[in-house]
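Novice: Dumping the structure here so I can ask a few things about it.
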Amino acid sequence: MAVEKLKKVVPYVLILLVSLYFYYLAGQFRFSAKPGNLGPDFWPKLLLGLTMAACLYEIIKTAFFLKMASPKEATEEKSAKVATTKKTYPGLLVIGIVMTVAYAYFVTKLGFVLCTFLYFALFMIVGRYRKIWAILANSVVGTLVLVVIFMKVVYVSLPLGQEPFSGVTFFVLKMLGIK
Amino acid sequence: MGDILYNLLLGFVGCFQPMNLILLVAGTIVGLVVGVLPGLTLVMGVVLALPFTYPMEVTPAIVLLTAMYVTGTYGGAFTSILFRIPGEPIHVPLLWDGYAMARKGQPAKALGWTLYAALFGGLLSAAIMVTLSQPVAKFALTFSTPEYFAIVLFGLTSVVSLGSGSMTNAFISLFLGLLISTVGVDPTYGTPRFAFGYPILMDGIEFLTVMVGAYGVGEVLTRLGEGFTTVPVEKVASMKTSLPGWKELRGLKAVFLRSSILGHIVGIVPGAGATIASFVTYGVEGQYGKRRKELGTGIPEGIVAPQAAATASVGGAMIPLLTMGVPGSGATAVMLGAFLLHGIQPGPQVFITSANMVYTVFASLFIGIVLMCVVGYIAIKPLVKILDFPEAVVSVYIMLLCFVGALSIRNSISDLWLMVAFGVVGYFFDRIKFPIAPLVLGTILGPLAETSFYTTMISFQNDWTIFFRRPISGVIMALTVIALVLPMLKTFRTVARKR
């Protein structure tokens with residue numbers, strides 16, 4: 001039971017600690033306010049104070065006032081929950097997060113064209129889609145459509161990449177008639 | 001009144017200019033598609049469409065976004081009723097009576113009720129919007145910073161108190177959103193706050209980055225964690241729409257009126273939107289409706305109430321956006337972004353400086369609602385076919401549009417990093433039952449809240465009671481307190497009864 005309560009309390013403790021740190025940072029702002037005027041630290045401190053108060057409320061409520069189910073009830077509740085909860089794939093989620101972070105890292109190095117093509121293909125595979133020809137077609141066509149729309153029509157400046165990968169970008173842009 | 005009608009007529013003429021008309025039709029179709037897709041909310045659809053509007057003039061840009069916004073409130077109804085798959089959170093109440101009616105062998109009738117509800121709610125709300133906008137704009141000219149602060153506070157509080165789930169979690173989410181908006185250089189003193197020396201943070205965190213990350217990337221990651229298990233779509237005998245008769249419609253006129261007006265009012269509240277309108281109206285029907293005991297068994301009232309309110313909320317949300325520059329919902333927050341990108345600050349003066357644009361947008365709403373119902377009636381089969389698309393394929397397009405959307409905000413890779421970070425935050429918020437809407441709305445309305453608060457304090461020598469002593473802000477603050485206290489009282493009463 002204590003473990004269950006601890007699990008419920010963890011997010012609030014984390015947010016409380018982070019808020020405390022930011023409250024300290026807010027106290028370090030350098031400014032010269034006119035006497036009697038509120039400084040730029042007032043508003044963030046107010047919000048951080050309210051956040052900490054809300055977290056403390058939940059921590060105290062959970063620790064001292066929350067009645068946890070008895071072990072028998074907890075087991076029955078867990079079985080009912082398992083019966084209704086969808087199956088989860090934490091591995092896929094982790095891979096998805098890693099891929100997304102990797103996209104942000106590699107897009108400036110590989111360029112938008114190459115990075116997007118790879119992301120299209122890998123994401124569909126990670127998403128348990130297995131039709132290879134559809135994956136390839138979507139990756140190629142999807143990348144080209146995005147390049148045309150955003151670089152030719154909307155004029156968004158997308159990363160070209162570093163050598164030698166920028167060569168791929170320039171080749172594709174030349175093929176699509178984008179200067 | 002004559003002026004308003006004349007301007008509206010000019011607006012209708014403006015709508016038939018080729019670019020405006022093309023984008024109105026495109027927005028209607030795309031909005032319906034977005035509404036049907038379960039992985040994509042209408043707010044996300046409007047956010048993802050924003051980069052496409054960069055090379056456009058402001059009028060066609062807003063026409064496109066408005067069309068997508070209003071049709072997004074209707075498209076998800078088809079899948080809710082036919083397959084028990086709500087395309088939007090708005091359409092969850094439609095599962096209870098819409099799907100139930102379909103199971104009783106009347107899917108066509110359920111779709112017919114939805115069509116009429118969307119049509120009536122949308123048109124009535126648009127008419128109220130047109131009638132009220134100029135008087136509200138004139139009234140807004142009397143507003144000063146205490147009133148703006150009070151309105152924003154009311155909006156933020158309402159979204160917390162009207163939402164479902166833990167109020168404390170919603171408040172924490174809201175405070176964090178408001179905090180995110182403080183990152184950057186303070187507007188009053190020019191002091192860097194929480195920038196940690198990074199130039200991109202000195203420019204602040206754009207609310208679009210938070211929206212795209214938390215709503216778009218966060219949602220896709222959640223579904224990836226579930227393995228993109230597509231719910232098998234049942235074979236339905238008929239996907240036709242059967243329109244109710246005049247007698248049946250007359251029998252429900254009170255529900256139509258009540259839901260549309262309530263939806264419009266909820267839409268006006270800054271921060272509340274179509275989802276809250278839909279749930280609140282269904283709840284009101286459950287409390288006060290004539291056939292409240294039968295709600296949930298497949299009665300027309302359970303379809304008309306949420307759908308009329310959801311579509312009506314659009315007209316309501318446009319009022320604070322255009323008259324005060326305060327977004328009434330997430331989608332109107334994106335439209336505010338579109339206005340600002342084109343150098344237009346919405347507010348009372350926009351009715352003088354850009355009246356033609358405003359009334360063209362008004363007129364496009366009327367046309368868009370009718371077009372939405374016509375397209376929905378004719379094209380329901382191909383629209384619903386979209387559900388056959390593999391979720392992994394649709395999701396990767398959403399992710400890439402999110403990436404490009406983030407890159408196009410300030411042409412900075414740092415926005416992409418921030419968006420990814422907020423996407424992961426959005427996913428974990430969802431896991432620990434912290435609602436995302438208050439976080440996003442805090443980020444959107446935070447700068448306005450802070451600036452109006454500080455300016456008031458400077459102007460009134462730190463006298464915080466001014467918010468309560470000025471008549472207009474006093475009334476709004478009283479409503480804020482009521483909006484906060486009522487749900488808490490309800491919770492205490494429930495807990496006391498259980499003991």
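Novice: Looking only at region B:205-226, which residues are of a type in the set (Gly, Ala, Ser) and either surrounded by fewer than 18 Cβ atoms within 10 Å (Cβ to Cβ) or facing chain A (nearest Cβ under 9 Å) (or both)?
Specialist: B:225
Novice: Which one of these does residue B:73 not meet: (1) more than 18 Å from residue B:312 (Cα to Cα); (2) surrounded by 23 or more Cβ atoms within 10 Å (Cβ to Cβ)?
Specialist: (1)
Novice: Then there's this: It is to be established whether one or more residues within region B:1-19 are closer than 27 Å to residue B:277 by Cβ, within 19 Å of the chain's Cα centre (by Cα) and of a type in the set (A, V, I, L, M, F, W, C).
Specialist: no
Novice: Identify, from the list B:220, B:185, the residue that is in contact (Cβ under 8 Å) with a residue 40 or more places away in the chain, closer than 25 Å to residue B:50 by Cβ and in contact with a Ser or Thr (Cβ under 8 Å, 6 or more places away or on another chain).
Specialist: Only one candidate qualifies: B:220.
Novice: Hey, could you check region B:162-182 for residues that are among the hydroxyl-bearing types (Ser, Thr, Tyr) and surrounded by fewer than 20 Cβ atoms within 10 Å (Cβ to Cβ) and say which is nearest to the other protein chains (Cβ to nearest Cβ)?
Specialist: Filtering region B:162-182 for residues that are among the hydroxyl-bearing types (Ser, Thr, Tyr) and surrounded by fewer than 20 Cβ atoms within 10 Å (Cβ to Cβ), the one nearest to the other protein chains (Cβ to nearest Cβ) comes out as B:168.
Novice: Can you run down the residue pairs with Cβ atoms below 7 Å, 6 or more apart or on separate chains, where the first is in region B:1-29 and touching a residue at least 60 places away in the same chain (Cβ under 8 Å) and over 22 Å from residue B:135 (Cβ atoms) and the partner is hydrophobic (A, V, I, L, M, F, W, C) and surrounded by fewer than 18 Cβ atoms within 10 Å (Cβ to Cβ)?
Specialist: Note: pairs meeting the criteria are B:15/B:21.
Novice: Against the conditions (1) surrounded by fewer than 24 Cβ atoms within 10 Å (Cβ to Cβ); (2) modelled with pLDDT under 90, where does residue B:262 fall short? Just the number, please.
Specialist: (2)
Novice: Take region B:265-302 and flag every residue that is out of contact with any Lys or Arg (no Cβ under 9 Å at 6 or more places or on another chain), surrounded by 24 or more Cβ atoms within 10 Å (Cβ to Cβ) and either on the phi > 0 side of the Ramachandran plot or part of a loop (DSSP other than H, G, I, E, B) (or both).
Specialist: Selection gives B:269, B:270, B:271, B:272, B:273.
Novice: Scan region B:235-259 for residues that are among the hydroxyl-bearing types (Ser, Thr, Tyr) and modelled with pLDDT of 90 or more and jot them down.
Specialist: If the condition is that a residue be among the hydroxyl-bearing types (Ser, Thr, Tyr) and modelled with pLDDT of 90 or more, then B:259 is the only one that fits.
Novice: Residue check, residue A:108 against (1) under 23 Å from residue B:391 (Cβ atoms); (2) surrounded by fewer than 19 Cβ atoms within 10 Å (Cβ to Cβ); (3) facing chain B (nearest Cβ under 8 Å), all met but one. Which one?
Specialist: Checking residue A:108 against (1) under 23 Å from residue B:391 (Cβ atoms); (2) surrounded by fewer than 19 Cβ atoms within 10 Å (Cβ to Cβ); (3) facing chain B (nearest Cβ under 8 Å), the one that fails is (1).
Novice: Being modelled with pLDDT of 90 or more, part of a loop (DSSP other than H, G, I, E, B) and at negative phi is the filter here, so list the residues in region B:203-234 that pass it.
Specialist: Listed by number, the list holds a single entry, B:205.
Novice: Among the residues of region B:367-380, are any modelled with pLDDT of 85 or more and more than 30 Å from residue B:82 (Cα to Cα)?
Specialist: no
Novice: Do we have any residue at all in region B:402-420 that's facing another protein chain (nearest Cβ under 10 Å) and touching a Cys at 6+ places or on another chain (Cβ under 7 Å)?
Specialist: yes
Novice: Tell me yes or no: at least one residue of region A:75-90 is part of a helix (DSSP H, G or I), modelled with pLDDT of 85 or more and not basic (Lys, Arg).
Specialist: Scanning region A:75-90 turns up at least one residue that is part of a helix (DSSP H, G or I), modelled with pLDDT of 85 or more and not basic (Lys, Arg).
Novice: Of all residues in region B:105-163, how many are assigned to a helix (DSSP H, G or I), polar (S, T, N, Q) and closer than 28 Å to residue B:352 by Cα?
Specialist: 5
Novice: For region B:33-52, does any single residue satisfy the condition of being part of a helix (DSSP H, G or I), buried (at least 24 other Cβ atoms within 10 Å of the Cβ) and hydroxyl-bearing (Ser, Thr, Tyr)?
Specialist: No.
Novice: If we scan region B:183-195, do we find a residue that is crowded, with 20+ Cβ neighbours inside 10 Å and more than 13 Å from chain A (Cβ to nearest Cβ)?
Specialist: There is no residue in region B:183-195 that is crowded, with 20+ Cβ neighbours inside 10 Å and more than 13 Å from chain A (Cβ to nearest Cβ).
Novice: Do you know which residues across region B:396-415 are among the hydroxyl-bearing types (Ser, Thr, Tyr) and within 15 Å of residue A:146 (Cβ to Cβ)?
Specialist: B:397, B:408 - these are the residues of region B:396-415 that are among the hydroxyl-bearing types (Ser, Thr, Tyr) and within 15 Å of residue A:146 (Cβ to Cβ).
Novice: Looking only at region B:54-91, filter to residues that are of a type in the set (Ser, Thr, Tyr) and part of a helix (DSSP H, G or I); which one of those is modelled with the lowest pLDDT?
Specialist: This residue is B:79.
Novice: In region B:448-464, which residues are aromatic (Phe, Trp, Tyr) and in a loop (DSSP other than H, G, I, E, B)?
Specialist: B:460, B:464
Novice: Residue B:434 versus (1) more than 30 Å from residue B:81 (Cα to Cα); (2) modelled with pLDDT of 90 or more: which is the lone unmet condition?
Specialist: (1) is the only condition that residue B:434 fails.
Novice: Given A:172, A:156, A:147, which one is surrounded by 19 or more Cβ atoms within 10 Å (Cβ to Cβ), within 12 Å of another protein chain (Cβ to nearest Cβ) and assigned to a helix (DSSP H, G or I)?
Specialist: A:147
Novice: Right, next: Can you name every residue in region B:478-499 that is among the polar types (S, T, N, Q), within 20 Å of residue B:156 (Cβ to Cβ) and without any contact (Cβ under 8 Å) to a residue 12 or more places away in the chain?
Specialist: Scanning region B:478-499 gives no hits.
Novice: Restricting to region B:448-474, name every residue that is under 20 Å from residue B:140 (Cα atoms), loosely packed, with under 15 Cβ neighbours inside 10 Å and within 14 Å of chain A (Cβ to nearest Cβ).
Specialist: B:459
Novice: When you go through B:151, B:200 one by one, which is the residue that is more than 19 Å from the chain's Cα centre (by Cα) and among the hydrophobic types (A, V, I, L, M, F, W, C)?
Specialist: Checking each option against the conditions leaves just B:200.
Novice: If you go through region B:426-434 one residue at a time, do you hit one that is on the phi > 0 side of the Ramachandran plot and in contact with a Gly (Cβ under 7 Å, 6 or more places away or on another chain)?
Specialist: Yes, region B:426-434 contains at least one residue that is on the phi > 0 side of the Ramachandran plot and in contact with a Gly (Cβ under 7 Å, 6 or more places away or on another chain).
Novice: Could you go through region B:93-103 and let me know if any residue there is surrounded by 22 or more Cβ atoms within 10 Å (Cβ to Cβ), assigned to a helix (DSSP H, G or I), under 19 Å from the mean Cα position of the chain (by Cα) and of a type outside the set (D, E, K, R).
Specialist: Looking for residues that are surrounded by 22 or more Cβ atoms within 10 Å (Cβ to Cβ), assigned to a helix (DSSP H, G or I), under 19 Å from the mean Cα position of the chain (by Cα) and of a type outside the set (D, E, K, R), one finds at least one in region B:93-103, hence yes.
Novice: Further, regarding this structure: Would you pick out the residues in region A:13-44 that are facing another protein chain (nearest Cβ under 7 Å), surrounded by fewer than 14 Cβ atoms within 10 Å (Cβ to Cβ) and either within 15 Å of residue B:185 (Cα to Cα) or at pLDDT 90 or above (or both)?
Specialist: A:30 - this is the single residue of region A:13-44 that is facing another protein chain (nearest Cβ under 7 Å), surrounded by fewer than 14 Cβ atoms within 10 Å (Cβ to Cβ) and either within 15 Å of residue B:185 (Cα to Cα) or at pLDDT 90 or above (or both).
Novice: Is there a residue in region A:120-141 that is surrounded by 13 or more Cβ atoms within 10 Å (Cβ to Cβ), over 30 Å from residue A:88 (Cβ atoms) and of a type in the set (Val, Ile, Thr)?
Specialist: Yes; the residues of region A:120-141 include at least one that is surrounded by 13 or more Cβ atoms within 10 Å (Cβ to Cβ), over 30 Å from residue A:88 (Cβ atoms) and of a type in the set (Val, Ile, Thr).
The values are calculated or read from the model by the stated rules, or taken from the named source; none is laboratory data. Quick caveat, the model's predicted, so the values are computed rather than measured. Please note: Cβ atoms are built from the backbone with ideal geometry, for glycine as well, and neighbour counts cover all protein chains shown.
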